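The values are calculated or read from the model by the stated rules, or taken from the named source; none is laboratory data. Computed from a predicted structure; not experimentally measured. Here the Cβ is made from the backbone with ideal geometry for all residues, glycine too, and neighbour counts use every protein chain on show. Please note that ligands, DNA and RNA were not included when accessible areas were found on the heavy atoms of the full protein model with its side chains. Shrake-Rupley method; radii C 1.70, N 1.55, O 1.52, S 1.80 Å.
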Amino acid sequence: MTKQEIVELVNSGREIEFVYDQKKYSITYGVVNGVEVISFCEFYKESTEVETVDELLKLKRYGVSVEEMFDDLVGNFGFMK
């Protein structure tokens with residue numbers, strides 16, 4: 001996926017679930033201390049909240065950024081190159 005496609009998905013407010021390297025991840029949205037946030041987590045693990053898509057794309061899990069994870073996704077979420 002391109003960075004623009006990711007930005008459009010996140011800006012649409014849709015919750016996103018995907019599989020990367022046999023691990024399930026989600027992107028959801030909420031409000032913390034009156035500030036709208038984007039929440040990223042591996043299923044059943046602690047989440048990380050950020051305020052912008054750029055911050056989201058820079059987050060890393062297991063040495064791989066969210067942007068790199070999405071770069072590897074093809075077509076429907078969860079299908080890998």
One residue from I6, I27 being touching a Phe, Trp or Tyr at 6+ places or on another chain (Cβ under 7 Å) and not in a strand (DSSP E or B): I6
The listed residue being among the hydrophobic types (A, V, I, L, M, F, W, C) and in contact (Cβ under 8 Å) with a residue 40 or more places away in the chain, out of L57, L9: L57
Region 1-32 - residue that is of a type in the set (S, T, N, Q) and surrounded by 14 or more Cβ atoms within 10 Å (Cβ to Cβ) and, of those, nearest to V66 (Cα to Cα): S26
Any chance G78 is outside any helix (DSSP H, G or I) and at pLDDT below 90: yes
Qualifying residue in region 49-66 (condition: in a loop (DSSP other than H, G, I, E, B), open to solvent by 80 Å² or more (accessible area, probe 1.4 Å), at pLDDT 95 or above and not aromatic (F, W, Y)): yes
Candidates K24, K3, filtered to the one that is among the basic types (K, R) and touching a residue at least 40 places away in the same chain (Cβ under 8 Å): K3
